[in-house]
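Single-structure report; data block below.
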Amino acid sequence: AKLENIRNFAIIAHIDHGKSTLADRLIQDCGGLTNREMKQQVLDSMEIERERGITIKAQTVRLEYKADDGETYILNLMDTPGHVDFAYEVSRSLKACEGSLLVVDASQGVEAQTLANVYQAIDIDHEVVPVLNKIDLPAAEPERIRRQIEDVIGIDASEAIPVSAKTGVGVHEVLEALVTKLPAPKGDANKPLKAMLVDSWYDPYLGVVVLVRVMDGVMKKGMVMKMMATGAEHPIDRVGIFSPKKTPVESLGPGEIGFITAGIKEVADTNVGDTITEAKKPCAEALAGFKPSQSVVFCGLFPADAADFEHLRDSLHKLRLNDASFEFEAESSAALGFGFRCGFLGMLHLEIIQERLYREFNLDLITTSPSVVYKVHKTDGTLEELHNPADMPDPVRIAHIEEPWIEATIMLPDEHLGSVLKLCEDRRGIQKQLTYAGNRAMLIYELPLNEVVYDFYDRLKSVSRGYASFDYQLKEYRQGDLVKLSILVNAEPVDALAMLVHRSQAETRGRGLCERLKDLIPRQMFKIPIQAAIGGKVVARETISALRKDVTAKCYGGDVSRKRKLLEKQKAGKKRMRTYGKVEIPHDAFIAALKMN
Ligand code: GDP
Ligand code: MG
């Protein structure tokens, strides 16, 4: 295609503001799919993505649009992942485009997630086309939201387009704006190949599919490509575009977005953001900004039934085929037996993997307390990265510990401000900024990541009745007074419940855990002390009193079948228990105990 007639754009929107619906409309209007082919929401295809309304993979669609000026344009639409865990993937998708379509729900307004992504787009000099969606709703206030976009984001919204992705009003104007406002891509077909690896995934028929944006040069079937970060070389065996169906093409030139396959075995062999060039005629330098993916949150995953260990291992391998951004290694726990220590991009990523293991692989799992990566500076001058509280070195050998901090942006209606401020303060937050746009407050807070990973987002949603939105960026490591909180049941430490906490929180956290465990662990024939301790110092304690009678005693010997039933029930219950020392802990107790209140 001619460069002047190409437009590449990313869609930026907060969850539920209508990104997928609008994308479908654009596809339909350009004749990409007939009505019958048009399955509801072509983008967001993975089941969990669809249910949760989030995009994880950067999907793309090539549209052909006959504009009012009589010319036919190629529009490459790129859907961006809509969650903080995938911020790096968002940055790469944006880099693959020259402009962004900013979709804001005209009945809701700008949200934190929109803000983070639109700032990224502005930073890389994107032309931003704002769209006010859902104007068919009686609650829509396009004029107010137009002013809010100007006040909060600081871009000119005077030409923001009122749209209803539902009825189709304004969709033609959106297509025209894309053609007239966005710049055409630049690039030189005669230079050596330089393309960005935007994303990759595993396709059961094609193997690893790589989504690319060509900057310079031409990509063709048969060419031997080279990935610059790894040095790996592969002959390209397929070149295509998404129309949105996968459609083979001869080649991809400068400014074009499409896919290739090249006999790559695993998604883990490709790195988002890497530069692809031609092996025998490589480009001089790689694209800037490449970052290898890095796990932020770690936790242990153990099969509820120990017999499922091999099945869990196979399932993790299968998931990793398609998601190179999570990692795992075998681990054993005294309490939970054999399992895996896994690393994730963030909490949502963790939940998605957990949910997929449950749904697609039928695995019932016990998850240990999620942990961030700490930097432990030891007295001998060495530095250790700590992913698992169980591996914490002896405190006498520790000089100090550093923990990761984030900068969080929270947007909310001002009536909930008080409770959100309290939540942030309780989590050791440092307020950096508080501004208003109408009746919405925008808060910027610095927070330690370990206070956020577990349940901050759930708490934020609940104290704001669902109206707060949240986004964060990792900021830096800072020294913190962190201690390992151990939980002892019947005087034995339960490794799966150990966690690193700030000293000021240790007692409250410890008391909460002990109280919950007291309710969760069934009474047994003897008294069970439950303690929370820092080193040898007990900071909280509860006792489960002894059970006095045998469970079958109340059957008075007579009813044999009833007695048998009871014993059977007990036996079934046992399977779901972990014996610890002499104490049996129901496996749900681990999960429940870790939920903070
Ligand atoms: P996404 O999360 O940004 O992809 O949002 P979706 O496209 O999934 O839309 C979220 C919800 O808003 C869905 O129930 C849509 O049917 C609805 N929706 C999207 N656009 C419009 C619109 O223009 N008007 C109305 N009334 N509803 C819309
Ligand atoms: Mg969607």
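Nothing in this text is a laboratory measurement; each read-out follows from the coordinates by a stated rule. In this text, all values refer to a predicted model and were calculated from it rather than measured experimentally. In this analysis, Cβ positions are derived from the backbone assuming ideal geometry, glycine residues included, and neighbour counts consider all displayed protein chains.
Could you run the Karplus curve 6.51 cos²θ - 1.76 cosθ + 1.60 with θ = phi - 60° over segment 285-300 and give me ³J(HN,Hα) per residue in whole Hz, x for Gly and Pro?
9, 6, 5, 6, x, 5, 9, x, 6, 9, 6, 10, 10, 10, 7, x
How large are Rg and Dmax for segment 354-459 when only the alpha carbon atoms are used, in Å?
Both quantities, over Cα of segment 354-459: 18.5, 55 Å.
P(r) for the chain: what percent of alpha-carbon pairs falls in each 10 Å bin, starting at zero?
Taking every Cα pair in the chain, the percentages come to 3, 15, 23, 23, 18, 11, 5, 2, 0, 0.
Given H placed 1.01 Å from N in the peptide plane, which residues other than close sequence neighbours of A10 have an amide H under 5 Å from its amide H?
Here M78, G99, S100, L101 satisfy the definition.
Please get the size of the charge dipole for segment 336-441, origin at its Cα centre, with Cβ charges of +1 on Lys and Arg and -1 on Asp and Glu, quoted in debye to the nearest 20.
Details: 11 positive and 16 negative charges, 28 e Å.
Value, rounded to 20: 140 debye.
Just how large is the dipole of segment 172-320 about the Cα centre, in debye to the nearest 20, putting +1 at every Lys and Arg Cβ and -1 at every Asp and Glu Cβ? Display every interim value, and only then the final one.
Working: 18 positive and 19 negative charges, 96 e Å.
Rounded to the nearest 20 debye, it is 460 debye.
Would you calculate a helix-derived [θ] at 222 nm for the chain, using -39,500 (n - 2.57) for each DSSP H run of n ≥ 4 and dividing by the full residue count, to the nearest 500? Please list the in-between numbers first.
Working: 14 runs with 147 residues, N = 597.
Computed ellipticity for the chain at 222 nm equals -7500 deg cm²/dmol.
For the residues R238, R440, R144, what sequence is obtained by ranking on other C-beta atoms within 10 Å, fewest first? Could you put the intermediate results ahead of the total?
Values: R238 16, R440 21, R144 13.
Result, fewest neighbours first: R144, R238, R440.
Note the angle between two axes, namely the Cα long axis of helix 503-520 and the longest principal axis of the Cα atoms of the chain, as a number of degrees from 0 to 90, rounded to the nearest 10.
The answer is roughly 70 degrees.
If you average 1/r over every pair of different alpha-carbon atoms in segment 294-371 and take one over that average, what Kirkwood value in Å do you get?
12.2
Considering every pair of different Cα atoms, what Kirkwood radius, in Å, is found for segment 98-159?
Kirkwood radius, segment 98-159: 11.7 Å.
Where the only charges are on Cβ atoms (+1 Lys, Arg; -1 Asp, Glu), what is the dipole of the chain about its Cα centre, to the nearest 20 debye?
Details: 77 positive and 86 negative charges, 552 e Å.
Approximately 2660 debye in magnitude.
Hey, got the Cα dimensions of segment 342-388 along the principal axes, in Å, largest first?
Result for segment 342-388: principal-axis Cα extents of 47, 17, 13 Å.
Kirkwood hydrodynamic radius, segment 416-457, all distinct C-alpha pairs: what's the number in Å?
One decimal place: 10.9 Å for the Kirkwood radius.
Any idea which of P448, N362, T409 is furthest toward the positive side of the dipole for segment 362-499, if Lys and Arg beta-carbons carry +1 and Asp and Glu beta-carbons -1?
T409
Out of all DSSP beta bridges with both ends in the chain, state the antiparallel percent to the nearest 5.
Numbers: 112 of 132 bridges.
Looking only at bridges with both residues in the chain, the antiparallel portion is about 85 percent.
Got a sec? Charge dipole of the chain, +1 on Cβ for Lys and Arg, -1 for Asp and Glu; which of Q294, G170, P81 is way out at the positive end?
Going by the charge dipole, the pick is Q294.
How high is the relative contact order of the chain, in percent, counting Cα pairs under 8 Å that sit 6 or more residues apart? Working shown, then result.
On the way: 1288 pairs, mean separation 55.9, N = 597.
That works out to 9 percent.
Can you pull the three principal axis extents for the Cα set of segment 74-230, in Å, largest first?
56, 32, 29 Å, listed from the longest principal axis down.
Arrange the following residues from fewest to most other Cβ atoms within 10 Å of their Cβ: C299, C283, C97. List each step's numbers first, then the result.
Numbers: C299 23, C283 20, C97 27.
Result, fewest neighbours first: C283, C299, C97.
By how many degrees, 0 to 90 and rounded to 10, does the Cα axis of helix 417-426 deviate from the longest principal axis of the chain?
60
Just want the ordering: L434, L102, from fewest to most Cβ atoms lying within 10 Å of their own Cβ.
Details: L434 14, L102 26.
With the fewest neighbours first, L434, L102 line up as L434, L102.
Would you mind checking which residues have amide H under 5 Å from I366's amide H? H placed 1.01 Å from N; only 5 or more apart, or other chain.
F302, A304
Would you mind computing Rg(Cα) / (2.2 N^0.38 Å) for segment 397-472, counting N as its residues? Present the calculation step by step, with values, prior to reporting the outcome.
Numbers: Rg = 13.2 Å, N = 76, 2.2 N^0.38 = 11.4 Å.
Here the Cα radius of gyration is 1.16 times the empirical estimate.
Can you give me the angle between helix 560-575 and the longest principal axis of the chain, using Cα atoms only, in degrees from 0 to 90, rounded to the nearest 10?
50
Please report, in whole Å, how far the alpha carbons of segment 297-436 spread along each principal axis, starting with the longest.
53, 45, 27
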